[in-house]
Amino acid sequence: MSASRKEPLAILISGRGSNMVSLVEAARQGRLCADIRLVFSNRPDAPGLQAARSLGIETAVLSHRDFPDRESFDRALADLLESRGVRFVALAGFMRVLTPAFLDRFPGRVVNIHPALLPAFPGVHAQRQALEYGVWVTGCTVHFVDAGTDTGPIIAQAAVPVEDGDDEETLSARILAAEHQIYPSALDDVLGGRLRIQGRRVLRTGG
Ligand code: GRF
């Protein structure tokens, strides 16, 4: 981590929030140059909300069910984050596709982690897809978010072997350990301005 300025960050979750916790820990240990302003969930019952509160992080909820369409939810979410001074957004198990109504407010500043080696196995149940396909190696991917499903330029990947006897649970746990390794450092590169997007490629600027 070379940048000293802490960038205001929101983490968006829909569930357990283990990646969120690993990002908070990285920030507290000085491995992630972020000022984590808010943990947001579109699901009021997301267990990760309680985890965030226990860590002393402010939380907020907007249920997508209370909005007539995706765009109005996305606009309200962008308004909420901007009201907290947020500049960067990390998706961590956030189970909603974001539209340009949100993404255009944070251009090039929204990042996601996906539990497969994209472009293989996008969308839901990536670990199950990998097992059903019969691959020997899968993994996880940190990528910029665009309006597609897991289609944005790739920032970092880690390979994880599929082992004999794996089921969805054992494979997911092995991938999750790799997620917790790569997400903080990849996000730190984004926050530190050390990346440049050239076409589909993400290059280190060496800064
Ligand atoms: C992770 O596997 C992540 O890659 C995917 O959703 C899962 C979230 O897990 N997008 P957690 O809520 O961070 O524990």
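Each value in this text was obtained by applying a stated rule to the coordinates, not by laboratory testing. Treat the numbers as computed from the prediction; the structure is a model and nothing was measured. Ideal geometry is used to build each Cβ from the backbone, glycine not excepted, and the neighbour counts take in all protein chains shown.
The dipole here belongs to the stretch 7-204: it is taken about the Cα centre, uses +1 on the Cβ of Lys and Arg and -1 on the Cβ of Asp and Glu, and is about 680 debye.
Could you work out the relative contact order of the stretch 111-205, using alpha carbon pairs under 8 angstrom and six or more residues apart, expressed as a whole percent? Show your work: numbers first, answer last.
Values: 151 pairs, mean separation 25.2, N = 95.
Contact order relative to length: 27 percent.
Using a simple spin-label model with pseudo-atoms 7 Å out from Cα toward Cβ, Ser63 and Thr99 lie 2.1 nm apart. Between Glu25 and Ser72, residue separation times 0.36 nm minus the direct Cα-Cα distance comes to 13.7 nm.
For the stretch 144-207, the set of GluC sites (Glu not before Pro) satisfying both a DSSP loop assignment and a count of at most 14 other C-beta atoms within 10 Å is given as Glu163. Would you mind classifying the stretch 22-89 by shape? Square roots of the alpha carbon gyration tensor eigenvalues, ordered a ≥ b ≥ c; an a/c under 1.5 is rounded, otherwise it is prolate if a/b is larger than b/c and oblate if not. Note, shape of the stretch 22-89 comes out oblate. 3J(HN,Hα) couplings calculated from phi for the stretch 6-18 with the Karplus curve 6.51 cos²θ - 1.76 cosθ + 1.60 (θ = phi - 60°) are, in sequence order, 7, 7, x, 10, 10, 10, 9, 10, 10, x, 4, x, 5 Hz; Gly and Pro show x. A helix-only calculation puts the chain at -10000 deg cm²/dmol for mean residue ellipticity at 222 nm, using -39500 (n - 2.57) for each DSSP H run of at least four residues, averaged over all residues. The distance from the alpha carbon centre of the stretch 1-65 to that of the stretch 75-150 is 15 Å, rounded to a whole number.
Using only the Cα atoms of the stretch 7-204, build the gyration tensor, take square roots of its eigenvalues as a ≥ b ≥ c, and label the shape rounded, prolate or oblate: rounded if a/c is under 1.5, else prolate if a/b is larger than b/c, else oblate. Rounded shape, in that the Cα axes give a/c under 1.5.
Sequence gap at least 6, Cα distance under 8 Å: using those rules, report the relative contact order of the chain to the nearest whole percent. Don't skip to the end; give the middle numbers.
Numbers: 396 pairs, mean separation 41.0, N = 207.
Once divided by the residue count of the chain, the mean separation gives 20 percent.
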